1. Taking only the range 162-193 into account, find how many residues are over 23 Å from the mean Cα position of the chain (by Cα) and modelled with pLDDT under 90.
2. Mind counting the residues in the range 108-126 that are in a loop (DSSP other than H, G, I, E, B) and either buried (at least 20 other Cβ atoms within 10 Å of the Cβ) or without any contact (Cβ under 8 Å) to a residue 24 or more places away in the chain (or both)?
3. I need the full set of residues from the range 8-23 which are assigned to a loop (DSSP other than H, G, I, E, B) and modelled with pLDDT of 90 or more, in order please.
4. Mind checking which residues of the range 150-169 are surrounded by fewer than 17 Cβ atoms within 10 Å (Cβ to Cβ) and out of contact with any helix residue (DSSP H, G or I) (no Cβ under 8 Å at 6 or more places or on another chain)?
5. What residue, among those in the range 194-227 that are under 26 Å from residue 44 (Cα atoms) and assigned to a helix (DSSP H, G or I), is modelled with the lowest pLDDT?
6. Quick check on my filter: what residues within the range 24-44 are surrounded by 17 or more Cβ atoms within 10 Å (Cβ to Cβ) and either more than 13 Å from the chain's Cα centre (by Cα) or modelled with pLDDT under 85 (or both)?
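The values are calculated or read from the model by the stated rules, or taken from the named source; none is laboratory data. Bear in mind the structure is a predicted one, so any value in this text is a computation, not a measurement. Backbone-built Cβ (ideal geometry, glycine too); neighbour counts: all protein chains shown.
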């Protein structure tokens, strides 16, 4: 099982996946953390975040799931077809990643931000991320996040940032600490216009019934995780 103090090296995000409420993971008896979430903003969707320590572990998981989930549809008449993304952890773009990883078992929401940048703009994008995180630090805004680069499933130059939130009150705190019209925001916006093709953010609510986590993971809040599928 992935150590809670470390971010997942690889994540696979499956949009609108249907795996019988993730019982397939339990039946596969695989040491994996899967967080199911439903959208609060944006299109009405369900996302599964498979948290893995390597690409090899993803291959092992697929082999186990193929034995127990054959014939289980990944979409239906209500949800649009599933879409799968594979992403690799980027430490240099992450902000206080160790704190973010420790928050995940207690998180009730994920803020997911997706950025697509122009070809050849990775260095400038890293500068942009540093500017933003420096501003967070300057106002002591508690918003650690884990950065991933999409390896497959979306266009090249796409990055995904996950911010685990224990409560939406985090946003209230951030707003209270952010002064209006500071120069750093204007500089960020200027660089963003040069670097980004576009970006969007989605808020998700963690759903225990769609998740599969270990007893150790669930011990952070046993009552919250009581509805999760279990390996009997």
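1. Qualifying residue count, the range 162-193: 14.
2. Here the count works out to 1.
3. The answer is 8, 9.
4. Result: 151, 152, 153, 155, 156, 167, 168, 169.
5. Once the filter is applied, the top-ranked residue is 227.
6. 24, 25, 26, 27, 28, 30, 32
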